[in-house]
Amino acid sequence: MSETYEILAPTTVVDYVARNPRLAAALPPASISDVREVGDGNLNLVFILSGAGGAPGMVLKQALPYVRLVGPDWPMTPDRAAKEANALRVHGRLAPGLVPTLYDYDAERYVIAMEDLSDHAVWRHALNRGERHEGAATDVGVYVGEVAFGTSVFGMDPHEEKAALAAAVNPQLCEITEDLVLTEPTRPAQRNSCLPANEADARELVGDDATVREMGWLKLQFMTQAEALIHGDLHTGSVMVRAAADGEPRSTKCFDSEFAFYGPVGFDLGLTYANYVIAAARAFALGEDERAAWALSLLDETWRAFEATFRARWPERRDPRVFTDGVLEQFIAKVAVDGLGFGAAEAMRRIVGLAKTADIETLEPALREGAARGVLRASRMMATTRHADPTAAGIAARAGDILLAARTR
Ligand code: SR1
Ligand code: MG
């Protein structure tokens, strides 16, 4: 990679803030009491700067010129930080309170400065601890609905929408998804892996022609359906949650939108569905059947919130001459079917592909075997039955039966 720029370190970030007047105004360097590098994602450096006495400070997120999960052998454009900063700005305007506040973007060093969410938890971690965070699934559906309408041709001037689409083109990050989510899980691929006990399940998936065809169709949708400026990686590790307490309402923040581009709206819904199914598989494996049922109910909760939000915006559409109510029904129906398909792709990918989830990986192998098998079987069901029954509730019910039957305990 020829690109060279200043890479931040815990020992240099305070000086970095001091050199940037906008940041220094938001968080005076002298008040910074602690600096921690906390990036537990696959790609970037993330520093939390605490204010005096542990007061909220600021987060600095820096894109490295390679994939952190793999190292310099997998170069990756740091310009993804610009895509994320753009998405944060646009999404923050359309869905206020549902994304972190952006303070600044440093285009020379690919650093995003944003709100410190230390009083929130990563939703995946909270789910893995058995916490429920009621309403978070609704908030995520509202976020997807507001963004879907507000960045689409329904909500934007057509010239501005085309310019926004062009500015959001994000080929390297899309390629990761096209390969890791929409191709490799159902094909023999070097980056695939699973427990020896699940190898037969992985082979069954590769041999399932109906599911492979659905993946091909979904990949085509992902690569061609520029419906809205989607988040692009909306799994439960990309959502932060804080429960209501001390008179403060609950808070949900969708963050880490570096995969944002103009793509199919169902993709964002699908990623949430998949990760709810995975949370349910973990709960079943641990014998927490009631919590598993609750996790599965989140599919319908997110869908309903999305649908209600999108329908509520429909009267504001730009061109009602041909964007009739019939088009609304057709679009909602398309998003429903797409969402369940992308959910299937993401769920199987988190079991056999690269970048697995702590939900499943931290289960002891004897339990993991059944959870992984259940998720793979549920994914195949989602991919192939969604046309006949495109309801999130119906799919969740069938997924529950499959996960329960597959568990090993
Ligand atoms: C190499 S990046 C692997 C994964 O991390 C991100 O969170 C995306 O889900 C991506 O597919
Ligand atoms: Mg991420």
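With a cut-off of 10 Å between beta carbons, the residues surrounding PRO158 carry a summed charge of -2, where Lys and Arg count +1 and Asp and Glu -1.
Entry comment: accessible area of the chain is 40 Å² per residue, from protein heavy atoms only and a probe of 1.4 Å. This model, with +1 at the C-beta of Lys and Arg and -1 at the C-beta of Asp and Glu, gives the chain a dipole about its Cα centre of some 420 debye. Is the C-alpha gyration tensor of segment 187-294 telling us rounded, prolate or oblate? Criteria: a/c under 1.5 is rounded; beyond that, a/b larger than b/c is prolate, otherwise oblate. It is oblate, given that a/c is not under 1.5 and a/b is not larger than b/c.
Projecting the Cα atoms of PRO75, GLY57, ALA372 onto the charge dipole of the chain, computed from C-beta unit charges around the Cα centre, puts ALA372 farthest toward the positive end. For segment 1-127, rounded, prolate or oblate, judged on the Cα gyration tensor with a ≥ b ≥ c (square roots of eigenvalues), a/c < 1.5 rounded, else prolate if a/b > b/c? The shape class here is rounded.
Across the chain, C-alpha contacts under 8 Å between residues 6 or more apart give a mean separation that, scaled by the residue count, equals a relative contact order of 17 percent. Equivalent ellipsoid of the chain: semi-axes from √(5λ) of the C-alpha gyration tensor, largest first, are 32, 26, 21 Å. Net charge dipole, segment 118-268: roughly 200 debye, given to the nearest 20, about the Cα centre with Cβ charges of +1 for Lys and Arg and -1 for Asp and Glu. Rounded to the nearest angstrom and listed largest first, the equivalent-ellipsoid semi-axes of segment 279-318 from its Cα gyration tensor are 34, 7, 4. For segment 236-291, which whole-number percentage of the solvent-accessible area (1.4 Å probe, protein heavy atoms only) is attributable to carbon and sulfur atoms? Result for segment 236-291: 49 percent of the exposed heavy-atom area is carbon or sulfur. Dipole size of segment 274-330 about its Cα centre, with +1 on Lys/Arg Cβ and -1 on Asp/Glu Cβ: approximately 300 debye, rounded to the nearest 20.
For segment 268-275, the Karplus equation 6.51 cos²θ - 1.76 cosθ + 1.60, evaluated at θ = phi - 60°, returns couplings of 5, 4, x, 5, 5, 4, 4, 6 Hz by residue, with Gly and Pro reported as x.
Straight-distance candidates among the lysines for linking to LYS334, with alpha-carbon spacing under 24 Å and chain neighbours fewer than 8 residues away dropped: LYS162, LYS219. Per residue, the convex hull spanned by the Cα atoms of segment 276-345 amounts to 82 cubic angstrom.
The values are calculated or read from the model by the stated rules, or taken from the named source; none is laboratory data. Bear in mind that the values here come from a model prediction, so they are computed numbers and not experimental data. Cβ sites come from the backbone with ideal geometry, for glycine too, and all protein chains shown count toward neighbours. Surface accessibility is based on the protein's heavy atoms, side chains included, excluding ligands, DNA and RNA. Shrake-Rupley method; radii C 1.70, N 1.55, O 1.52, S 1.80 Å.
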